[in-house]
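*Asks:* The following block contains the structure, expressed as C-alpha cells.
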Amino acid sequence: MAADYSRYHIHVNAIVPKTIDPPMNAVQVLDEGMRLELIAMAPCGRLGTATDVAGLPVFLASDEARYCAED
C-alpha cells in the first residue's frame, strides 16, 4: 500500500508490537520458557511495554515523521 499510494502523498505505516510484556500479551506468555523465547527474538533483548509504543501513532501522524515516511 505504501508504494501504491506514495505518489498521491498518502503515507501508509503499520505498528506491529510483537514482543510486548503482559498484561496485553498475557494470553501468549503462558510460561517462563515462552517468555524467554520472546525476549531472545527481541532486538533490544527485552520485551517491550505499552509505553514503549504508545507515542508511535502520534509521531507517525505528525509533521516530524515527514522524512522517514518518504520514498
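The values are calculated or read from the model by the stated rules, or taken from the named source; none is laboratory data. As the structure is a prediction and not an experimental result, all values here were calculated from the model. Please note: Cβ atoms are built from the backbone with ideal geometry, for glycine as well, and neighbour counts cover all protein chains shown.
*Asks:* What pairs come out if I take residues in the range 33-45 that are part of a helix (DSSP H, G or I) and pair them with residues that are loosely packed, with under 10 Cβ neighbours inside 10 Å and not β-branched (Val, Ile, Thr) whose C-beta lies under 7 Å away, six or more apart or interchain?
*Replies:* Hits for this filter: 39/45.
*Asks:* Among the residues of the range 1-32, count how many are out of contact with any Asp or Glu (no Cβ under 6 Å at 6 or more places or on another chain) and either in a helix (DSSP H, G or I) or at pLDDT 80 or above (or both).
*Replies:* 15
*Asks:* Which ones in the range 49-61 are without any contact (Cβ under 8 Å) to a residue 40 or more places away in the chain and either under 17 Å from residue 13 (Cβ atoms) or of a type in the set (Val, Ile, Thr) (or both)?
*Replies:* Answer for the range 49-61, where residues must be without any contact (Cβ under 8 Å) to a residue 40 or more places away in the chain and either under 17 Å from residue 13 (Cβ atoms) or of a type in the set (Val, Ile, Thr) (or both): 49, 51, 52, 53, 54, 55, 58, 59, 61.
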